[in-house]
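Accompanying notes for the structure given below.
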Amino acid sequence: MKLTFLKSNLLNGLQIVSKAVPSHTTMPILQCIMITAKDDVITLTANDTDLGIETIVEGTIEEAGTIALDAKMFLDICRKMTEEEISIETDESLNTFISCGKAHINIVGKDGEDFTYLPEVEKSNEMVISQFTLKEVIRQTIFSISENDSNKIMGGELFEINDDMLKIVSLDGHRISIRNTDLRNHYDPIKVIVPGKTLNEINKILSGDADKDVNIFFGDKHIIFEFDQTTVVSRLIEGQYFNVDQMISLDYETKVTISKREFLNCIDRATLLVKEGDKKPIIINIKDDKLELRINSTIGSMNEDVDIKKEGQDLMIGFNPKFLIDALKVIDDETISIYMVNSKAPCIIRDDDSHYLYLILPVNFVQP
């Protein structure tokens, strides 16, 4: 095999597929990136058996062939090359010669026969969505998946399609995030659980261009994302997702309308007084047209008032500040509405058009 690339093209392709290279595995071949050159197309592939990524890279094929190269070493070599053109040549003994300008490096590759290629998935159930929209809805929900491996379902997001509406849900036992977005076309009902790891990696790869689409295919056990000459195949999480609708009540005793930016900045200032790992809650006291935010820690204390528009009862309630910050950061509205029942019930931040809903459980606190 003999190939020539522009460094920028090769490096971009390697950075994309390397996201599917496992950091730890008992199968050394999975720590490799497969280069396949045939039929005038150069393809890079990586696969950890749960997540696989394949991308087409522009380059010149002088001799077709395949080789598997250690992903970390190959990527590091290409990063440190200083010239614009990189050539790769292999011999029958799997020796691989990487040249760039005056630099010539020889590494040993592996035979591709043991490599696990992307699974074949029937592309029957398809959904089309813009890269911008998919990137946004992932960003606005991914933070509330659970990092605890003991519950795999909480480690994924629900993708639910009903006609021309896509609903994405994540939860971790302390909060729920929901985003609803309109689709351009009408589809049959679909409900699957996509691993959070997959969505995190896709979010990093997507350009977010509103004029470019992502084609998503839903199989029985896999989901496929196709965009920008890149294919991502992921296993789905098996099981029944939680009945989130039963967890959410739209009843409320107190409604607060507040500037999102002012509220977020206020909480940000309060967290300056909280050490990492300290579970000190922020206490919110809603009274008349003021929201008083208080925090007391071993470092110090803070009180700050924010103007609000209130409907209903006065209320004092405590929250983990991180959970509020995570939700507020991904809401684009300048003014938000917060709905509460009492100090023991969750609050809900939602818009009138049901594009987003964030449920956050309160925490116990000692009355000042």
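Below is a table of values for the structure above.
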item: Net dipole in debye of the chain [+1 Lys, Arg Cβ; -1 Asp, Glu Cβ; about Cα centre; nearest 20]; result: 1540 debye
item: The range 240-281-the range 293-315 distance, computed between alpha-carbon centres (Å); result: 13 Å
item: Least to most buried among LYS80, LYS287 (fewest other Cβ within 10 Å first); result: LYS80, LYS287
item: Proxy reagent accessibility, fewest Cβ within 10 Å first, across MET127, MET34; result: MET127, MET34
item: Karplus-derived 3J(HN,Hα), 6.51/-1.76/1.60, for each residue of the range 136-151, Hz, glycine and proline x; result: 5, 5, 5, 4, 7, 9, 5, 5, 9, 7, 7, 8, 8, 5, 5, 10
item: Hits among aspartates and glutamates - C-alpha to C-alpha of LYS329 under 14 Å, sequence gap 8 or more where chains match; result: GLU136, GLU262, ASP268
item: Distance violations [Cα-Cα > 22 Å] among LYS72/LYS110; LYS280/LYS310; LYS260/LYS290; LYS191/LYS322; LYS110/LYS152; LYS152/LYS191; result: LYS280/LYS310; LYS191/LYS322; LYS110/LYS152
item: Rounded if a/c under 1.5, otherwise prolate or oblate - the range 225-290, Cα gyration tensor axes; result: prolate
item: Relative contact order for the range 154-198, counting Cα pairs under 8 Å that sit 6 or more residues apart, in percent; result: 47 percent
item: Loop GluC sites (Glu not before Pro), the range 84-151, which have at most 14 other Cβ atoms in a 10 Å radius of their Cβ (DSSP); result: GLU84, GLU92, GLU120, GLU122, GLU147
item: Normalised contact order of the chain, rounded percent, pairs of Cα under 8 Å and 6 or more residues apart; result: 13 percent
item: Average Cα contact separation per residue, the range 125-245, under 8 Å, 6 or more apart, as relative contact order %; result: 30 percent
item: Most positive-pole-ward Cα, THR90, SER18, GLY65, against dipole of the range 2-114 from beta carbon charges; result: SER18
item: Calculated Rg and Dmax of the chain using C-alpha coordinates, Å; result: 25.0, 80
item: Likely footprinting exposure, CYS100, CYS32, fewest C-beta neighbours within 10 Å first; result: CYS100, CYS32
item: Separation between Cα centres of the range 324-356 and the range 21-39, rounded to whole Å; result: 44 Å
item: Charge tally in the Cβ shell below 11 Å around ILE129, where Lys, Arg are +1 and Asp, Glu are -1, ILE129 excluded; result: -1
item: Cα gyration tensor shape of the range 2-114, rounded if a/c is under 1.5, else prolate or oblate by comparing a/b with b/c; result: rounded
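Every number in this text was worked out from the coordinates using simple rules, so none of it is lab data. Computed from a predicted model, the values in this text were never measured in an experiment. Every residue, glycine as well, gets a Cβ built from its backbone with ideal geometry; the counts of neighbours run over all protein chains shown.
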